[in-house]
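What follows is one structure encoded as structure tokens, with my remarks underneath.
The values are calculated or read from the model by the stated rules, or taken from the named source; none is laboratory data. Given the structure is predicted, the values throughout are model-derived calculations rather than measurements. We place every Cβ from the backbone using ideal geometry, glycine too, and count neighbours over all the protein chains shown. The area values use the complete protein model at the heavy-atom level, side chains included, leaving out ligands, DNA and RNA. Shrake-Rupley method; radii C 1.70, N 1.55, O 1.52, S 1.80 Å.
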Amino acid sequence: MMDFFMWFTDLGNSKTLAAVIFFAVFIGIIIYTFTGKARKKRFDEYRYIPFMDDEEFLFDQKEQKDKTQDQSNGHK
């Protein structure tokens, strides 16, 4: 155990180990982000948000909320 501690405290080794850990985490985040149909659908809906006007976006949200309320009231 002491040998591992001495190996890790060497700056050359700890930097390499940190780079490997960060790369593995980065790849994990990429895989998590681009897999799953529910996330893909949500990301597809969100991709044009930066190009929307604030008022237009708020109006669209209110309109969608009204539609969902109308649909839920119609099914009762």
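The residues of the range 43-53 that are part of a helix (DSSP H, G or I) and open to solvent by 100 Å² or more (accessible area, probe 1.4 Å), listed by number, are GLU45, TYR46, PRO50, PHE51.
Scanning the range 27-42 for residues that are of a type in the set (Lys, Arg) and either modelled with pLDDT of 90 or more or in contact with a helix residue (DSSP H, G or I) (Cβ under 8 Å, 6 or more places away or on another chain) (or both) gives ARG39, LYS40.
State all residues of the range 7-36 that are closer than 27 Å to ARG47 by Cβ and outside any helix (DSSP H, G or I); if no residue qualifies, say none. Within the range 7-36, THR35, GLY36 qualify.
Against the conditions (1) modelled with pLDDT of 75 or more; (2) surrounded by fewer than 10 Cβ atoms within 10 Å (Cβ to Cβ); (3) among the small types (Gly, Ala, Ser), SER72 satisfies every one except (1).
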